[in-house]
Amino acid sequence: MKYLKILFFLFAIQISAQQGGMWIPSLLEGMNETEMQNLGSKMTAQDIYDVNNASLKDAIIHFNGGCTGEIISDRGLILTNHHCGYGAIQSHSTVEHDYLKEGFWAFNDAEELPNPGMYVTFIKRIDDVTDAIFKNVTSSMTVKEKQVKIDQNIAAVKKKAVKEEWQEVKVKGFYNGNQYLLFVLENYTDIRMVGAPPTSIGKFGSDTDNWMWPRHTGDFSLFRIYADKNNRPAKFSKENVPFKPKHFLPISLDGVAEEDFTLVFGFPGRTDEYLPAVAIEQTVKKVNPAKINIRENYLKIVDEYMRADDKIKIQYASKYASIANYWKKWIGENQGIEKSKAIAKKQKLESDFQKKVQSNSEYNHLLSDFSKLYNELEDVALARAYWTEVIYRNIELLRATFRLYQFEEKVTANPASFEAERNKLINSSKGNYKNYSARVDRDVFEKLIEIYATEIPATYLSNKLKNVNYTDLTNAIYTKSKLTNLEGFNFLLTGNQEEVLSKLNADPAYVLGKDLSNDFYKKINSKFHEINLQIQDVQKVYMKALMETFPKERFFPDANSTLRVTYGKVKGYYPKDGIYYKPVSYLKGVMEKYKPGDYEFDVDQKLIGLYNAKDFGVYGEKGKMPVNFLGTNHTTGGNSGSPAIDAHGNLIGLNFDRVWEGTMSDYNYDPEICRNIMVDARYILFIVDKYAGNKRLINEMKLVHPKKNK
């Protein structure tokens, strides 16, 4: 491990013009700090991450476990994406008060709406615990034995961690398990909705513009953290008060120009930059096409219902957006990998690697190991993708059977848990059925179950789906199952344990779902994890080998939902020969896309009036209103809601998307075409101030002019 630490240090002191990478904020001193300053940053590494003093990290939050947010006032005001707050906005909406359609603005604290179950997380400290995690882990151990020991060491490290009683800790692996860091966290659970523009602004362009440029979306929403009188985490209470942050981000009114420095701070979800070529090829040619086809069929069915029925539109708005998001991303990802020749590049790297390690018995078999293991994985990986997309994700009735299957397994193993587990199911089902239509789900079931039965590798197909008429199966289930509505669901869970399980196992939907769930656990998932565990072990050694074999190359740890910094510049790009995309879009583009009555491109009349009058206040620029801009920052899912920060540490924008040509950056970041898309902070202020008329929110923010004052 000492040798690896020396390697990490050597990488840290190298200076390169390369952009891209998701860097650990506690390890920025050296190469990262120098490179940021060469790009134009005026900040030090300590300005960004400091345990003892206020720094940028104290304004960054993990928003509800999936997105990023930032604190933009001394009263705990949170800025994040509209799509990150979408579920909360939807949950507060009704046909009579549709906040998705109308927007929502709280004009005093009392109007701010609580969101049960929502939470935000601050990172208080990051410690390197690599040596402690590998204590007594030896090369003679099997893969499973190593993992058992590592898990034991992680538990011991977490138990000994120095923290306050209200804080929590987690340990995460980096560089494919070659390094481990401990994070000390604070979770706040009293989060209230403060403001959100209507979807005609916050989701303008919807699915058509998703992943595209030029973009014209005001993808933001506002929440607030409440704490107890000691400023500590507390459950919702009317006695709670707005949170006082250690640091919040001032907002720049000066805007952006091409080549300006940008820093994006947040919680990127997952990247796989160091996979072998055989893995990328399997993803592009086998797994992605299967998932794309399933979601394409789901979206077509649901879209027709949403366009015809406003109630269904509200019920399915968030679900539709979620499914469409990665459907389109996978399409762009496949195209980007092909366009950037990512597989060929990896093959070239692997060829060079193999030549260098030919005489090294520890490393010379790694690529052949990958080839063998991914060949074994292909069918089960495909089966797992079909099961996850069809049974678990897109057919809601079968997802309900999966939850009930888990319930039966738990209470059968531990009868004493029956009441508690039943209550959990009943409580969670209320929200699920609120946004459920059996009519929609029935059509989705009939189409997707046929795809599942005809496309999944034959080894993994359930006997119950062989030689069946899919229309007859659909009719039988949706006319006879009690699981198509909340009342029926609760009926099945009424009675003692014996009665409940008897009723469940007589329900036709549950009978099918149980069989499919058994297939998943006993055939699909067990085999997938067996092979994947071996792949992970090879990948760990391969990561170490790459770093040793190419010491002059830069290696950042793959994203894993931990706090990261990525820096770059405001910059346009060439998507095709002879075409250059400028890096800033304007409100004029919204009006050019305007289609009255269209759910994606309709424009609010008040916004049209402000545009026609050129009433942009202090937020406009030479008679124009900037909306979105591009950067070279290396981002992924989880960076939604991340702040775009200028050279001085001020907020200049809000990250929310990537360009379609560069979505393959999860596997292959290419600085020529990979761009992240951000909402200009001035557009956010313009909407809050001029459109919503909410001066109280503007007045609690700190607005600055760093360019004018330098």
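Summary of values
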item: Order of Y574, Y510 under a 10 Å beta carbon neighbour criterion, fewest first; result: Y574, Y510
item: The range 55-140: chymotrypsin sites (Phe, Trp or Tyr not before Pro) in DSSP loop, at most 16 other beta carbons within 10 Å; result: F107
item: Gyration tensor verdict on the range 430-552 (Cα atoms; rounded if a/c is under 1.5, prolate if a/b is larger than b/c, oblate otherwise); result: prolate
item: Computed label-point distance, nm, for sites E672 and A458 using a 7 Å Cα→Cβ extension; result: 4.5
item: For the chain, Cys with no neighbouring Cys Cβ under 4.7 Å; result: C674
item: Footprinting exposure proxy for C674, C84 (fewest neighbouring C-beta atoms within 10 Å first); result: C84, C674
item: Lys, Arg +1 and Asp, Glu -1 on Cβ, resulting dipole of the range 37-111 about Cα centre, debye, nearest 20; result: 280
item: Computed helical MRE - 222 nm, the chain, DSSP H runs ≥ 4 contributing -39500 (n - 2.57), nearest 500; result: -13000 deg cm²/dmol
item: Per DSSP, loop chymotrypsin sites (Phe, Trp or Tyr not before Pro) in the range 232-266 with at most 16 further Cβ within 10 Å; result: F236
item: Using θ = phi - 60° and Karplus 6.51 cos²θ - 1.76 cosθ + 1.60, couplings along the range 248-260 (whole Hz; Gly, Pro as x); result: 9, 8, x, 10, 7, 9, 8, x, 10, 9, 4, 5, 5
item: 5 angstrom amide H check on G103, placed H, neighbours 5+ away; result: T199
item: Ranked packing of 640-649, 537-546, most packed first, by mean Cβ within 10 Å; result: 640-649, 537-546
item: Prolate/oblate/rounded label for the range 500-597 (Cα gyration tensor, a/c 1.5); result: oblate
item: Extended-chain gain in nm, criterion 0.36 nm per residue less alpha-carbon gap, N505 and K622; result: 35.3 nm
item: 5 angstrom amide H check on A559, placed H, neighbours 5+ away; result: T271
item: Modelled FRET efficiency - R0 60 Å, D310 with K160, Cβ distances, 0.05 increments; result: 0.60
item: Residue-span extension gain [K588 to A613] - 0.36 nm each, minus C-alpha spacing; result: 7.8 nm
item: Mean Cβ count within 10 Å, highest first, over the residues of peptides 691-701, 460-470, 375-385; result: 375-385, 691-701, 460-470
item: Residue exposure sequence - S417, S206, S200 - by fewest surrounding Cβ within 10 Å; result: S417, S206, S200
item: For the range 302-325 versus the range 19-75, the gap between their alpha-carbon centres in whole angstrom; result: 37
item: Amide H contacts of Y573 (H built 1.01 Å from N, under 5 Å, at least 5 apart or other chain); result: Y581
item: Shape call, the range 44-181: gyration tensor on alpha carbons, a/c limit 1.5; result: prolate
item: Residue list for the range 506-533, given a label point 7 angstrom along the Cα-to-Cβ vector of N469 and an amide N cut-off under 20 Å; result: 508-509, 512
item: Cβ charges +1 (Lys, Arg) and -1 (Asp, Glu), total dipole of the chain, debye; result: 620
item: Phi-based couplings in Hz for the range 426-440 (Karplus 6.51, -1.76, 1.60; Gly and Pro marked x); result: 4, 5, 5, 5, 4, x, 5, 7, 4, 10, 10, 10, 5, 4, 5
item: Between the range 169-206 and the range 491-536, the alpha-carbon center distance in angstrom; result: 31
item: Positive minus negative residues near E145 (Lys, Arg vs Asp, Glu; Cβ under 13 Å); result: +1
item: Residue-by-residue Karplus 3J(HN,Hα) for the range 227-235, coefficients 6.51, -1.76, 1.60, Hz, glycine and proline x; result: 9, 6, 5, 9, 6, 9, x, 8, 5
item: Correct option for P(r) over Cα pairs in 20 Å bins from 0, in percent [calculated from the coordinates] among (1) 16, 49, 33, 2; (2) 16, 42, 29, 10, 2, 0; (3) 14, 32, 22, 15, 7, 3, 2, 2, 1, 1, 0; result: (1)
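Readers should treat all values here as calculations from the given coordinates under stated rules, not as data from a laboratory. Since we're looking at a predicted model, the values are computed, not measured. Ideal geometry is used to build each Cβ from the backbone, glycine not excepted, and the neighbour counts take in all protein chains shown.
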